[in-house]
Structures are given as C-alpha cells and as structure tokens.
Amino acid sequence: MTPTAAPLLSVRDATMTFPGRRGRAAPVRAVDGVSFDIAPGETLGLVGESGCGKSTTGRMIVRLLEPTAGSITYDGRDISRLGRRALKPLRRELQMVFQDPHSSLNPRQTVARIIADPLLVQGSSQAEARRRAVELMELVGLIPEHIDRYPHEFSGGQAQRIGIARALATGPRLVVADEPVSALDVSVQAQIVNLMERLRRELGLAYLFIAHDLSVVKRVCDRVAVMYLGRIVEIGAKERVYAAPAHPYTRALLSAVPLPDPAAERARERITLAGDPPSPAAPPPGCTFHPRCPRAQAVCRTEAPLLRITAPGEAREVACHFPGTAA
Amino acid sequence: MADEAPLLSVRDLTVTFRTGRGPVRAVDSLDFSVRRGQTLGIVGESGSGKSVTSMAVMGLHTGAEVTGSITLAGQELTGLAEGELNRLRGRRMAMIFQDPLSSLHPYYTVGEQIAEHHRVHFGSRRAAARRRAVEMLGEVGIPEPARRAGEYPHQFSGGMRQRVMIAMALACEPDLLIADEPTTALDVTVQAQILELIARLQQDRGLAVVMITHDLGVIARVAQEVLVMYGGRAAEQAPVDALFATPAHPYTRGLLDSLPRLDDADDAPLRAIPGSPPSLLTPAPGCAFAPRCPRAAAAAPAERERCARERPGPTTAGGRLVACHLPLHTPAEARKGTP
C-alpha cells in the first residue's frame, strides 16, 4: 500500500473501558488507546493472546461497541459516536465474520434467509435478496441447490462459508474477521484462508484479520499489529515484524509458535516467558509487559513507552524503551 | 532401546458406540505401543478417534463396546473390573485434558484435591498427603506452593490450572501420562511453558507420554513416534523425522501441505485438502480418505475404484506403517507433494 493513499479506516486512541462486575470490582480497560489505519484493499492482522483486547478492538470498529474514548474514522467520517439509526447505512460497508460458524448462524433459519437477511434489512425485495443469495453461495464455493437447508446440515468449513457469504451480502468494503479459522479442522482451515484471499482480490476488500495463530496471520496480512494487555506494542509491515521483531513480546510470541518441522524445532532457540499475561483489571504500572520482560530496566516499571519508529524510514513502530532485533 | 518391552501396548483396539442411528465405530483395529521415556504423538482432526482411543486406554469409555487388547506393563486392562481399574487409574496411568477448569472440582482447594488423590492410592495420612500436594505444586512451577495449595481452581489462570492438573496427575508417580490436547486452550507463550514442563517431568521420571493433538507443530516439538489417525483408523505411523520428511500417506502429505508456516517465505495459495473429515455415522466402504484424496482422484479408474471399495490394510516396512492403496513410495515423491 502506498502511504499516501487515504485510509479507509483510521483509529485514534480508541479506548474501551468496561465497568467492573456488579459495580464493585475495578473497571476493566480492555483496550487502552490503540491507533492504526487500514487502507482500501489492505489486510491488517491483529494478533495477541486471550484478553489482550483484539476482539474488543474489532467490535468497536464495526461499532458493535461504542468506544469510551478516542475516535474511529471510516471513509473520512467519524463514526465513533453515531447512534443506531445513523449507523444503519454504514452496516452495508462494515461487516464481521465470527469464530464459531455454527453458533453465529441462526439454527432455525435456512441458508437463504441467513444470507438474504442483511439485504432485506437494507431494503431489498424478497426476490432480489434470494437471487443475490444464490450468487453469493456460488461466490464462496457453496452449492446453490443447498439454499433451503439449515446450518446443522453443513460441516464447520461450509458453515463458515455461509458466515462469509452473509458478511459479503451488502457489498462491504471492510470486513472484520475475528478468528475466522480457529474453530475449524486443520485440513479445512486452508480452504477458508484461500477463499478469503480470493474474495479480497476479486472484491477489493479490506480486512482486519484477528487471530491468535501467527502462522495464519502471516499468510494473509500486509501489515500486522501485536497487542498486549489492551495496547499495540508493535505494528508495521509484515516482512519487518515477522523477520525482525523488535518488541521483546513479539519476539517471545514468535519463538513460542511450534513449527511443524522436528529438525527446525530441535535447532531452534526459544524465549520462554515466565508467568501469565496479567489481568486487564489490574495492569502493571509503566510498560505493562515489564513483569515478564527479559530486558526490563528501572524505567520500564514507571514509564509507559509510546509507539515510535526506531530508524528513519522504518516501516514498523514499536512501543518499547529497549527495542531491538538482537537477543 | 528397541529391545525394551513397551510399557503400553494396544492391539486391534476397536471402540463401538450404540446410537439411535445404529452402531458407530469410532476406533477401528488400532495398534500402537509406547515405551518408558518415550512420547507417542497421536494426531488427527475431529472424528478421527484420537480422544476415544485415550478414553478407552483409561477405561473411561462409558457405554461403548471395547474389543482388542490394552496391556500396561504386561497387565491386560480390557475386561478388568471397575474396582481394579480404579486402582490403576491415577496410580499407574494418569490423564490430563484440554480444559482443566472442568476437570477440577470448584468446591475444594487444589491442595485438598491433590492430597485426596494421594490418600486414596497410598492410604497416606492427611498431613503427609497435604505435604505431598504442596511438594507437587512446587515441582510443576507454581510459585508459593504452600499458600496456593489453599486456593480454589477459579483463583488460578488457565496455564496455572493446567499445572495443577499435571501436579495431580503425577502426584502418585504414574508410569504413563496421557495428555489430550493439554495446551489447545492455552495461549502460545503459556503452551511453551507447559510443553517444557511435561518434557522435564518426563525426563526426570522416565514417564511414557501419549500426546494427543491436532497441532503438527506440537507433535514436531515433543514426539519421537507419531500416529496419524483418520476416520477412526491409523493412516500412518512413523518416527517423527521420517513422518515429516517423507510422509507416506496422502492425508499426512495433505495436512503438512495445507499448513501455513512461519518459516515459509512462499506466499502462494495454501494447498488445501478439499472436503471435510468424514462422518462416522456413514463410513465409506473403502478408504476413509478416498473422497478427498488427490492420488485416488488422479489414479487410473481401476485403482480409484479400489480406493473407494476396498479398505486398505496396514502395511509395515522399515519401522513405518501406512494404510493406503497408493502410498507415496519414494522420498522424492513424498517431497514434491501429491499431484
């Protein structure tokens, strides 16, 4: 992507704070001031471990959630505070694909109804919506003759194709895919990854591809953002982040992924982090990664590092006081 | 090493469930064995029978018909009375599961649960069992074990709960540990910790480990021997290096090809396997993989017919087993992938 192209989506300091349970516990800042852009036709991968805020970020972008602070600008317009009615026309353009294909499809509705529903909501006629549903089924590799079947009659991979067809029904420009392949069998994941890549090429879609599987994200994305405890700790061109990770957390994350190659596994040097990710209800002061960081110094315990480039012209930003690609 | 008798030996294991829609053969004529200190990886997708196999070995197959032979250190387990199985379970063989929270009792402290386990099997006194629980929590890397022993499962994180499960499983010093997707619910940095912990305990105690997983990366990291299951049967079994370098079964080849890899520079489309894993309710008469198999599809009509009609029996050569009418013979063929 050329850096001069106007972004399709622009997120600035987006923050999502949930009240503590029953008003007693401390509020939870699930997302803490994240900023990033997505260009038209671009795929941004968003990775991180459970509880890091990646799903919450996705839900804010499609405005299933209203951010408690910060802004979300879509196609030049701030949508972060829009109400239900004002959001309705935007729903055509911003769609979502979910992790568990079966639980995100209504078991009492036929495929025709599931795929056509967004079109009916947007004012299409019944006949028009059904005709379009047939087209969409073909587009995502389903057999159109199965249009009157129910979700339970489909395998997991096919059900995810239905979820994708539904997301594409209104012709969106940006699709947020939240762990779209992680509930699928390994042999089926590649089918869905290939499908999403083909659709992106054919339809010029932009994706925010949220996943914990770093190998899948590497395959599909142009740029990648790594989240830890509600913040982006590293973001940039995929080639840079994967080949030369600069944040100690990114380095540890990449080194922890098991490679399907026994010889490479034996030869490999792993950085094993101590401990678990801390709770977002009680984040550590300073850099939130410091309690697990092999490089932490005094400053890390008191000052939160800001995202910045580490060299002129570098296609990647990192939030670390001591970034570096050396061990 | 090869001469040593296996600790666990499974012969012709078949597990059949009675269902409203007729009998379902979840595991069919399976053979495998594990020696002390060795890790056997069992890899498969949903419906492959990998978890049913582990439940059968543990004698936890309620309602299923189990035939064949399962021997642990020479003792036959199939047909044992429940009381005798209870004495072996936990004491000689133990199991850990994907979701530790559902395997731990929410009302008892983790210390009580581990101690209880020890008392049942060794008849140890309360104080001694309690000491053993704290010792085990320390051994699996839980900080401040004496204090944490007094806490309840919900007070532990996912990774710490899996450590508690491992502490409980190993408290009675079993010879065999069956781990069924033990790290699937965990984050990747925590997964690395748990796999390291299992490897260390295995080395210290000479445990035999059966690691059941869908993740070929985990298999590559921990296993010496690998069994690939498909549709309830063994597709292929081989030492880990041979399996990854020169897979003989087209399904194994297909799985390896379809994986996106971190160490891959190539951004060409993934070579996906078409279709989905088979339903056990309607088994194919021939090879379970035939409907998805690129080699069967490219074969001459007579061969293709054979794959569809005739179930391939396992053939063994050079310490490897493959159940396929059209195996990938030469290393070169295996490397370049299926047509």
What do you reckon, is A:Glu317 surrounded by 21 or more Cβ atoms within 10 Å (Cβ to Cβ) and acidic (Asp, Glu)? yes
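Any idea which of A:Ser80, A:Ser35 is of a type in the set (Ser, Thr, Tyr) and farther than 20 Å from A:Ala319 by Cα?
Working: A:Ser35 fails: farther than 20 Å from A:Ala319 by Cα.
Answer to the check: A:Ser80.
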Residue under evaluation B:Ser258, criteria (1) farther than 30 Å from B:Gly20 by Cα; (2) of a type in the set (S, T, N, Q); (3) more than 9 Å from every other protein chain (Cβ to nearest Cβ), criterion not met: (3)
Number of the exception - A:Gln95 against (1) within 21 Å of A:Ala39 (Cβ to Cβ); (2) among the polar types (S, T, N, Q); (3) without any contact (Cβ under 8 Å) to a residue 24 or more places away in the chain: (3)
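From A:Lys88, A:Lys54, which residue is in the same structural domain as A:Val176 (by TED's automatic domain parsing) and either farther than 29 Å from A:Leu253 by Cα or among the aromatic types (Phe, Trp, Tyr) (or both)?
Answer to the selection: A:Lys88.
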I'd like the residue in the stretch B:1-25 that is among the basic types (Lys, Arg) and surrounded by 10 or more Cβ atoms within 10 Å (Cβ to Cβ) and, out of all such residues, is modelled with the lowest pLDDT. B:Arg18
Starting from the stretch B:5-32, take each residue that is farther than 16 Å from B:Ser51 by Cβ and in the same structural domain as B:Ala235 (by TED's automatic domain parsing) and list its partners that are of a type in the set (Asp, Glu) and crowded, with 17+ Cβ neighbours inside 10 Å, counting only C-beta distances under 9 angstrom and pairs at least six apart or across chains. B:Leu7/B:Asp175; B:Leu8/B:Asp175; B:Ser9/B:Asp31; B:Arg11/B:Asp31; B:Asp12/B:Asp31
The stretch B:16-104: strands (runs of 3 or more DSSP E) wholly inside it with 2 or more residues that are in contact with a Gly (Cβ under 8 Å, 6 or more places away or on another chain) and among the polar types (S, T, N, Q) are none
Return yes or no: is A:Val299 part of a helix (DSSP H, G or I), modelled with pLDDT of 95 or more and farther than 30 Å from B:Val140 by Cβ? yes
Taking the stretch B:177-220 as the search range and keeping residues that are out of contact with any helix residue (DSSP H, G or I) (no Cβ under 8 Å at 6 or more places or on another chain) and more than 14 Å from chain A (Cβ to nearest Cβ), which one is surrounded by the most Cβ atoms within 10 Å (Cβ to Cβ)? B:Ala208
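Please tell me if A:Ile79 is among the hydrophobic types (A, V, I, L, M, F, W, C), more than 23 Å from A:His152 (Cβ to Cβ) and crowded, with 19+ Cβ neighbours inside 10 Å.
yes
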Just need a number here: residues in the stretch A:197-231 that are buried (at least 22 other Cβ atoms within 10 Å of the Cβ) and without any contact (Cβ under 8 Å) to a residue 40 or more places away in the chain. 2
Listed residues B:Phe156, B:Phe97; which is in contact (Cβ under 8 Å) with a residue 12 or more places away in the chain, among the aromatic types (Phe, Trp, Tyr) and within 14 Å of chain A (Cβ to nearest Cβ)? B:Phe156
Note: among B:Ala64, B:Ala146, B:Ala133, just one is among the aliphatic types (A, V, I, L, M) and crowded, with 21+ Cβ neighbours inside 10 Å, namely B:Ala133
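Look at B:Gln224 and say whether it is within 13 Å of chain A (Cβ to nearest Cβ), more than 28 Å from B:Leu256 (Cβ to Cβ), surrounded by fewer than 24 Cβ atoms within 10 Å (Cβ to Cβ) and polar (S, T, N, Q).
no
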Among the residues in the stretch A:261-283, are any in contact with a Gly (Cβ under 6 Å, 6 or more places away or on another chain) and either aliphatic (A, V, I, L, M) or modelled with pLDDT of 90 or more (or both)? no
So which residues in the stretch A:134-155 are crowded, with 21+ Cβ neighbours inside 10 Å and either in contact with a Phe, Trp or Tyr (Cβ under 6 Å, 6 or more places away or on another chain) or assigned to a helix (DSSP H, G or I) (or both)? A:Leu136, A:Met137, A:Pro151
Check A:Gly157 against each of (1) out of contact with any helix residue (DSSP H, G or I) (no Cβ under 8 Å at 6 or more places or on another chain); (2) not assigned by TED's automatic domain parsing to the domain that holds A:Leu273 and name the one condition it does not meet. (1)
Reported set for the stretch A:101-111 where residues are at pLDDT 95 or above and either assigned to a helix (DSSP H, G or I) or within 16 Å of A:Leu168 (Cα to Cα) (or both) is A:Val111
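The values are calculated or read from the model by the stated rules, or taken from the named source; none is laboratory data. Everything quoted here is computed from the prediction, not taken from an experiment. Here the Cβ is made from the backbone with ideal geometry for all residues, glycine too, and neighbour counts use every protein chain on show.
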